[in-house]
Structures are given as C-alpha cells and as structure tokens.
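S.K.: Here it is, the structure in full.
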Amino acid sequence: MACYFRGMSNDETISFTETMLHSGRVIDLAEIPGIKVDKHSTGGVGDKTSLILAPIVAACGVPVPMISGRSLGHTGGTLDKLESIPGFRTNLSLAEYKDVIARTGLVMIGQTKEIAPADKKLYALRDVTATVECIPLIAASIMSKKLAEGIDGLVLDVKTGRGAFMKNYEDASRLASILVDIGNQFGKETIGFITDMSQPLGVAVGNWTEVVESVECLRGTRGVNDSSSDLMEVTHILAGAMLMVGKKVASIEEGVERSKNSITDGSAYRKFLDLVAVQGGKVGAIENLELYPLSRHSIEVKATQSGFVAEIDPLEVGLTAIALGAGRTRVDESIDTKSGIVLRKKVGDSVESGEPLAQLLTDRDDAVSSSRTRLSAAFHITSQTPQKKKLIMARVTAGEVKSL
C-alpha cells in the first residue's frame, strides 16, 4: 500500500524485480544456439500479435521463448487463445519447454510454479487490496517473469487508450521507460513501443476467433489493405525489432521487410504448424478452420444510421466479449472458446443504415439481447470522415521516448 501511494525509485523497483526473479528458478537456455528474444504486450482488446509474430521471428532464425498469461478483465490472454486449438498444451514442464524450443525455435507456455513464485503471491495480494494499478509494481511483476525465461533480449508493446490498462499516454510512457530500464539493467537488450488501443486491434475478439484471424494473417490471406492491416502493422514492427535485437538484421526497417517476406514465402505459417504439432495441438484444426464447432447463436449487429465509423469503444467491446463467454472476471472462471465478436467495420469505414457492424457469437441465450444493444452503442457513427490516430506512437530506448 505504501508503494501504491508513494511510488518507488528506479533502484527500488530494480531491487524488487531481482528479489522476485530469484524467488524461483531462472531458466538457462545457453545450449540453444542464437540470441533468444521475446515480446511482451501490456494487453489490449483483440491483441493477438504473439500468435503471429512468434512464428515469424522463429522462421527468420531468432529463437522465441514465450511465457504468457490468461485473460482477465476486458483483455484477452494468449494461453486461452492457444488452448482453443484442440489438444494444444501450454502447461509444459521446464524440460519440455527447453525441448520444444530446441526442436522448433519457439515455445509458448504459461507461468510454471518454478518461475517467480513470489510474483504470483504478491499479485494475488495486490488484487484484493486494490493496488494492482501501480506502475513500479506492474513493472517488477512483468520483468521478474520475463527475465526468468532464459531470454537475451526483449521487445515491449505498451498500449495506451481506452482499451488498455494504461489509459493515458503519460502513464504508458512512464511504464515503458521503467520496463526498458529494468531490462537493460539486467543485461538484456530491451526496446519498447507505445501503441494505440483506442479501438480493437484487427477484427476478431475472443479466443478461437482470434486464432482464425491470426492463421489467415500468417497465410497471407488477411492483413494487407483490409481490416486486419492495423494488426499486421503492429506485428511487423515488433517482429522487426525482435529480429534487430536478435542480430539477424541491422535495423528495424530491414526487420520489417524480413517479417513480411516470411509471410509471403509461407515460412511463418509452416513454423506455426510446427509449434501446434509439437505442443500437442491438432494441425488439422488449423488447416481446416471451417470444421471448428460453431456457437449456437450468430447475431449481426447492424448500423442504425449511415455515415462513417468515428469510434469503436474497445473497453465496451471487451466487456461484451466477456458477457458472451469469451473472457473471465475471476481467475477460476471457465470460458467458451467458440464465443466472441467479429468486427465488420473499423474506424474510418463508411457504413449504410442496416449494414452489419459486427457479428456476435455465443451459446448463452440470456446474453444475446443485452450484448447486441451494448455492442451497437460501442460504435459511434458520424457524417464526417474521422481522422485516424497514429497506431505506432513512440519508440522507447534507454533514457529516451521518441515520438514516431
């Protein structure tokens, strides 16, 4: 509570991170060739970049050890998305973790009991004492887990806007700066980006729905000059930065081109199929997306006026997804992997009255009416074409936040 009200100095935050890091096991991946690089996002609505960029980066020769979390509140969790793939295992032992990355060049699992156990206990304490939203405590929590993975470098995506935990740019900038400082202090090359979360990223919100969009982007059938292009813009710049940190390219720009080429030549998609197979998932479910079980209800939300989409409230979209069964408000809640939302319009798109804005997917009979009303209200339509916000807002390096 004292930390929440008074804050912590950088030295105190680094010391706290180190203590939590060494409360458990720090994985040694020295036997894995290459510079190991991971990505961390502070979370947002529709943020499925990990599913796309990890195979991209691994396909380009940089090993990616990734330990992710579950959905809680209005933002989704990478583990839940992966586990919507039939058979996919995220609860690997540390021996299996090492084996998978040695075989495929990437691995995606959840936090094990050996990794930063103090963080798990302290997070539970913060949760019940309303001290979660404290930047030094957030930074130490994130970095104690990331530093335990066995990485050599880290790229950060700190989101800001109504759909993010850091609602304003100043807080996002402070968090990004301290995360970068901690990473570099521990000898891991760390750079960050501040990205916009004032509307959902891409078109899918949920679990299987986000896997579908990710797979289509990896196949190259989505993500170029369509409603998923914002998702791929963020993915490519993060992947480009990871390739630069991994010493495969000399600049982020060169890394972005390598990232795009891995989509074009099919190597990123093949790498994702390898990951699914090695972690127990059914590859056939990915190769035949249309065979996945369908929700009992598939409801279109339609525009009540013509004009342009000026705003899509990401927080309301995220909360609606929870009501449909796609998320959880408590860690012990189960989720329905089929449920979710697919956006048919994004900010800046023109729309005619009666035209679909989004599609709701759920098995919950009692959620249909209220969710349709809530999601309809999340769309703000005006007669004027809105000015789009910059998606990649700033790059953060040691001692510098540079607007882009």
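Bear in mind these aren't lab numbers, they're just calculated from the coordinates by the rules spelled out. Quick caveat: nothing in here was measured; it's all calculated off a predicted structure. With ideal geometry, Cβ positions are generated from the backbone for all residues, glycine too; neighbour counts draw on all protein chains shown.
S.K.: Within the set of other residues whose C-beta is less than 13 Å from the C-beta of Lys388, count the net charge using Lys and Arg as +1 and Asp and Glu as -1.
M.R.: Cβ neighbours under 13 Å give a net charge of -2.
S.K.: P(r) tail for the range 295-382, what percent of Cα pairs lie past 23 Å?
M.R.: Taking all Cα-Cα pairs of the range 295-382, the fraction more than 23 Å apart is 21 percent.
S.K.: Can you divide the C-alpha Rg of the range 93-233 by 2.2 N^0.38 Å and report the result to two decimal places?
M.R.: Taking the Cα Rg and dividing by 2.2 N^0.38 Å, one obtains 1.19.
S.K.: Counting only the backbone N, which residues of the range 354-383 are under 19 Å from the spot 7 Å out from the Cα of Gln305 toward its beta-carbon?
M.R.: The answer is 354-358, 373-383.
S.K.: Something else: Relative contact order (percent) for the chain, with alpha-carbon contacts under 8 angstrom and 6 or more residues of separation?
M.R.: 22
S.K.: Kindly provide log₁₀ I(q)/I(0) values, in the same order as q = 0.11, 0.13 Å⁻¹, from the Debye equation applied to equal alpha-carbon scatterers of the chain.
M.R.: -0.77, -1.11
S.K.: If a paramagnetic tag sat 7 Å from the Cα of Val128 along the Cα-Cβ line, which residues of the range 13-36 would have the backbone N under 18 Å from that point?
M.R.: none
S.K.: Along the positive direction of the dipole of the range 1-141 (beta-carbon charges: Lys, Arg +1; Asp, Glu -1; about the Cα centre), which of Phe5, Ala54, Pro136 reaches farthest?
M.R.: Positive-most Cα among the choices belongs to Ala54.
S.K.: If you line up the Cα atoms of the range 1-142 on their principal axes, what length do they span on each, largest first, in Å?
M.R.: 46, 33, 24
S.K.: On a 0 to 90 degree scale, rounded to 10, what angle separates helix 368-378 from the longest Cα axis of the chain?
M.R.: For 368-378 against the chain, the angle is about 80 degrees.
S.K.: By the scheme Lys and Arg +1, Asp and Glu -1, what is the net charge of all other residues having a beta-carbon under 15 Å from that of Ser50?
M.R.: Result for the neighbourhood of Ser50: 0.
S.K.: Can you check how the C-alpha radius of gyration of the range 1-73 compares to 2.2 N^0.38 Å, as a plain ratio?
M.R.: It is 1.46.
S.K.: Another question about this same structure. With contacts defined as alpha carbon pairs under 8 Å and 6 or more residues apart, what's the relative contact order of the range 295-382 in percent?
M.R.: Relative CO of the range 295-382 lands at 50 percent.
S.K.: What is the gain in length, in nm to one decimal, between Leu273 and Ser334 on full extension, counting 0.36 nm per residue of separation less the C-alpha to C-alpha distance?
M.R.: Result for the pair: 19.3 nm of gain on full extension.
S.K.: Charges at C-beta only: +1 for Lys and Arg, -1 for Asp and Glu. How large is the resulting dipole of the range 295-382 about its Cα centre, in Debye rounded to 20?
M.R.: My answer is approximately 80 debye.
S.K.: Using a simple charge model, +1 on the beta-carbon of Lys and Arg, -1 on the beta-carbon of Asp and Glu, nothing else, what dipole does the chain show about its Cα centre, in debye to the nearest 20?
M.R.: It works out to roughly 100 debye.
S.K.: Apply 1/(1 + (r/R0)^6) to the Cβ-Cβ distance of Ser251 and Ala2, taking R0 = 41 Å, and write down the FRET efficiency to the nearest 0.05.
M.R.: 0.40
S.K.: Here's a follow-up. Would you work out the relative contact order for the range 247-404, in percent, from Cα pairs under 8 angstrom that are 6 or more residues apart?
M.R.: 26
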